[in-house]
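As C-alpha cells, the structure follows; a few thoughts come after it.
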Amino acid sequence: MPILVQPVIPGPPPWEWPQRLQEMPSISYTDPGGQVTQFTDWERGWTVPPGPRGMDMPTWAISRDESPGIDGYALRQVRAQGKNIVIPIAFWAQDSRDAYLERRRGLIRSLNPKRGPGTLTLTQPNGDQRTIQAIYEDGLEGDETRDAAGARWCQTAITFSCPSPFWLGSEISRTWQTESGEEFYPILPLVVGASQVLGEVTVNNSGDDDAYPIWTIDGPATAITLDNHTTGETLTLTRTLTGADTVVIDTRQRQQTALLNGSTNLWPDLSDDSSMWALAPNTNELELTVSGSTSDTRIRMTYQLRYLAA
C-alpha cells in the first residue's frame, strides 16, 4: 500500500526574531561600488540576531627581549593586529522564492572579495557612527540544512577580515589662514596678522589611539613647517607655491604621500628630519608656520579619530 506524504509548502522563516531594542545599534555594509546593505532593517526583511563577535579590542603582537640571568623580560614593541568580525544575519522575502533568490544573489555579488574591501558601519541610536574597512572572508558558501535556510529565508554568520583593527569616527576638519591687518581671534578658521605663524593651537585627540591627519595647503608660500610640540616631531616642506597651487600631505599609515596639484611628488622637498607625525591621544600643542604667505594662504587639517571598540 503506498504511503502518502504531505507536501512541504514553502513559507516564511520558522522563527520570529523579536524587534530589536531601541538601544541597539544598526549595522550596514557598503561595498566598493557604493552599494549599501542594511543588515538591521526588520521591515524590509533583514536582521542581526544576537551574537556578533570581534567588535571591540583586537589581539596584540608583543615583542619581548629576554636577557640571561635577568628575571622577566623587556618590552620591545606592542602592535595591534588585524582582526575578524563575525556578524550573524538573517534575511527573507515574504512575497516569493524569486524575490528571495534575487536578494541572496545580490548580497553575494556585493560581498565578492575580488572587488576589494568595503566598509562596515555601526550607527548608534543617537546617530554616532564608527566605520571599519572590511572584506568578506566566509559565511555564504550555502547551507541548506533545515535550521539554516528555507525556500524564502536564510540565516548565517558572515566573517569579515579587517586589515586595520581600528574603528574610525566621523571626519574632523580645522582650517587656519592669514588676514592682513586683522587681530587674532580664537575661532575657526583662525585669523592672525601678517605673521608667518598661521596657528598655535591645542588639538584634543579624544580617540583611543594616534590619529593621522591629511594636510591641504593652498598657496602662495615658500616653506611650510608643521610642528607637534607634544610629540616633538616636525614636518617641513620647502617649495615655492603660487596662489594656484595646492599641496596635499597624507600622513596615514600605508598611504603616506606628498603631492602638488594631485600629481607632482614632493617627497624630495621634505626636510631630512621630517616625519609623518600623528596626533597623539589627548592634548596636542601644534604650531603651523608658513614663509611667503599672503591673505590667500590657507592650511586645512582633516583627520578621523581611531577607536579600539565599536
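The values are calculated or read from the model by the stated rules, or taken from the named source; none is laboratory data. Keep in mind that this is a model prediction, so the values were computed, not measured. Please note: Cβ atoms are built from the backbone with ideal geometry, for glycine as well, and neighbour counts cover all protein chains shown. Each accessible area value is taken on the protein alone, full model and side chains, heavy atoms only, with ligands, DNA and RNA left out. Shrake-Rupley method; radii C 1.70, N 1.55, O 1.52, S 1.80 Å.
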Would you check which residues across region 291-310 are outside any loop (DSSP other than H, G, I, E, B) and of a type in the set (S, T, N, Q) and list them? Ser291, Thr302, Gln304
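Within region 247-261, how many residues are more than 21 Å from Gln304 (Cβ to Cβ) and exposed (fewer than 15 other Cβ atoms within 10 Å of the Cβ)? So that I can check it myself, show each step before the final result.
Pass one, region 247-261, residues more than 21 Å from Gln304 (Cβ to Cβ): 260-261.
Next cut, exposed (fewer than 15 other Cβ atoms within 10 Å of the Cβ) only: 261.
Residues meeting the conditions: 1.
Could you identify the single residue in Arg64, Arg109, Arg79 that is surrounded by 10 or more Cβ atoms within 10 Å (Cβ to Cβ) and part of a helix (DSSP H, G or I)?
Details: Arg64 fails: part of a helix (DSSP H, G or I); Arg79 fails: part of a helix (DSSP H, G or I).
The conditions single out Arg109.
Being under 28 Å from Ala310 (Cα atoms), touching a Ser or Thr at 6+ places or on another chain (Cβ under 8 Å) and either assigned to a loop (DSSP other than H, G, I, E, B) or without any contact (Cβ under 8 Å) to a residue 40 or more places away in the chain (or both): is that true of Thr230 here? Don't jump to the end; show me each part of the working.
Values: under 28 Å from Ala310 (Cα atoms): yes; touching a Ser or Thr at 6+ places or on another chain (Cβ under 8 Å): yes; either assigned to a loop (DSSP other than H, G, I, E, B) or without any contact (Cβ under 8 Å) to a residue 40 or more places away in the chain (or both): yes.
Yes, satisfied.
For region 114-142: of the residues being polar (S, T, N, Q) and in contact (Cβ under 8 Å) with a residue 40 or more places away in the chain, which is surrounded by the fewest Cβ atoms within 10 Å (Cβ to Cβ)? Can you show your working first?
Kept after step one, since they are polar (S, T, N, Q), are these residues of region 114-142: 119, 121, 123-124, 126, 129, 131, 133.
Checking the rest, the ones that are also in contact (Cβ under 8 Å) with a residue 40 or more places away in the chain come to 119, 121, 123-124, 129.
Working: Thr119: 16, Thr121: 22, Thr123: 16, Gln124: 13, Gln129: 15.
My answer is Gln124.
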Kindly check whether there is at least one residue in region 87-100 that is acidic (Asp, Glu), open to solvent by 70 Å² or more (accessible area, probe 1.4 Å), at pLDDT below 95 and closer than 25 Å to Gly33 by Cβ. yes
If you take the residues of region 143-174 that are under 22 Å from Val36 (Cα atoms) and small (Gly, Ala, Ser), which of them is surrounded by the fewest Cβ atoms within 10 Å (Cβ to Cβ)? Ser170
Output yes when any residue across region 132-139 is closer than 30 Å to Ser206 by Cβ, in a loop (DSSP other than H, G, I, E, B) and modelled with pLDDT of 90 or more, and no when none is. no
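For residues in region 21-31 being open to solvent by less than 60 Å² (accessible area, probe 1.4 Å) and in a loop (DSSP other than H, G, I, E, B), which is modelled with the highest pLDDT?
From region 21-31, those open to solvent by less than 60 Å² (accessible area, probe 1.4 Å) are 25-31; that's our starting set.
The next check asks that each one be in a loop (DSSP other than H, G, I, E, B); those that pass are 25, 31.
Details: Pro25: 89, Asp31: 97.
Ranking the qualifying residues of region 21-31, first place goes to Asp31.
Being part of a strand (DSSP E or B), open to solvent by 50 Å² or more (accessible area, probe 1.4 Å) and in contact (Cβ under 8 Å) with a residue 24 or more places away in the chain is the filter here; which residues of region 32-61 pass it?
Taking region 32-61 and keeping what is part of a strand (DSSP E or B), we get 36-38, 41, 46-47, 53, 60-61.
Checking which are open to solvent by 50 Å² or more (accessible area, probe 1.4 Å) leaves us with 36, 38, 53, 60.
Within region 32-61, just Arg53 meets the criteria.
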Could you check how many residues of region 237-290 are part of a loop (DSSP other than H, G, I, E, B), at pLDDT 95 or above and within 18 Å of Trp176 (Cβ to Cβ)? 3
